[in-house]
1. How tilted is helix 172-185 with respect to the longest principal axis of the chain? Cα atoms for both, answer in degrees (0 to 90, nearest 10).
2. Of the residues 81, 60, 133, which exhibits the maximal mean-square fluctuation in a Gaussian network model of the chain defined by a 10 Å Cα contact cut-off?
3. Mind checking the full-extension length gain between residue 76 and residue 108? Use 0.36 nm per residue of separation minus the Cα-Cα distance, one decimal, nm.
4. Which entry in [x] 25, 20, 19; [y] 34, 19, 14; [z] 31, 23, 15 matches semi-axes √(5λ) of the Cα gyration tensor in Å derived from the coordinates of this structure?
5. Can you pull out the trypsin sites (Lys or Arg not before Pro) in region 125-192 that DSSP calls coil and that have at most 16 other Cβ atoms within 10 Å?
6. Rounded to two decimals, what is Rg over Rh for region 106-155 when you use alpha-carbon atoms and the Kirkwood radius?
7. Can you tally the net charge around residue 131? Count Lys and Arg as +1, Asp and Glu as -1, for every other residue whose Cβ sits under 15 Å from the Cβ of residue 131.
8. How much of residue 135 can a 1.4 Å solvent probe reach, expressed as accessible area in Å² and rounded to 10?
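The values are calculated or read from the model by the stated rules, or taken from the named source; none is laboratory data. In this text the structure is predicted, and so the values were computed from the model without any measurement. So basically every Cβ, Gly included, is an ideal-geometry build from the backbone, and we count neighbours across all protein chains shown. These accessible areas exclude ligands, DNA and RNA; they are computed on the full protein's heavy atoms, side chains included. Shrake-Rupley method; radii C 1.70, N 1.55, O 1.52, S 1.80 Å.
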Amino acid sequence: MNKTAPFACLLALAATTAGAEPPPGFARLADVAPDIAQDMRYAGSDNFTGHPVPGYRAPQCWLRAEAARALAAAQADAKAQGFSLVVYDCYRPMRAVASFVDWSRNADQGTKPAYYPNLDKSELFTQGYIAAQSTHSTGLAVDLGVVGWNFGTPFDFFDPRSWTKSKVAGDARAHRDALVALMKRHGFENYPREWWHYAFKNAGEVRAHDEEVK
């Protein structure tokens, strides 16, 4: 019997646990605001690349701790008004951003009808829908919506109809305005070309990270 095996297993378990922790200064949203729904698109194939994205081994939202606390406050505000938030992406490892660049250069157009019907994929960077360097990698940006609400376009629909102030039918205009107002009250600023993208503005010095989400 190998008496060192149990000890080796404990070391492996400890290493796995340590590796699963967010970067210093970050928090798991599930620990801070467990009632916010998480539909983390890049951890699976339901996204504009059509595949799980490198850097996402688990469908978990990580954020800088101050951004997570502010989002928890926004959720409390939302629930007091009778609705609830859902997040689609939070911290994004730099390797994921690099994979978007690689994807934009390959010939695969399988997701074009659903995500960018009126653009060539090579234009997504110049049009401002995807960035070669992302605020998401600092843990201060979050992509989100509201459970059950219509916003006029789906998440990650790369088209002028997704611009926050674009003309949309029905209740989508009121929903976009309500989300902007909610998030602004809690320190988040909307990116005008994506109704779902918000960045927390009340943070100190920040840097991008490449730790894998586990």
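1. Value to nearest ten degrees: 50.
2. So, out of 81, 60, 133, the one fluctuating most is 81.
3. On the way: separation 32, 0.36 × 32 = 11.52 nm, distance 4.15 nm.
Full-extension gain reported as 7.4 nm.
4. Label [z] holds the value from this structure.
5. Qualifying residues, ordered by number: 165, 167.
6. On the way: Rg = 13.4 Å, Rh = 13.2 Å.
We get a ratio of 1.01 for region 106-155.
7. Details: positive: 92, 95, 121, 193; negative: 89, 102, 123, 143, 156, 194.
Taking every other residue near residue 131 into account, the sum is -2.
8. We get 60 Å² for residue 135.
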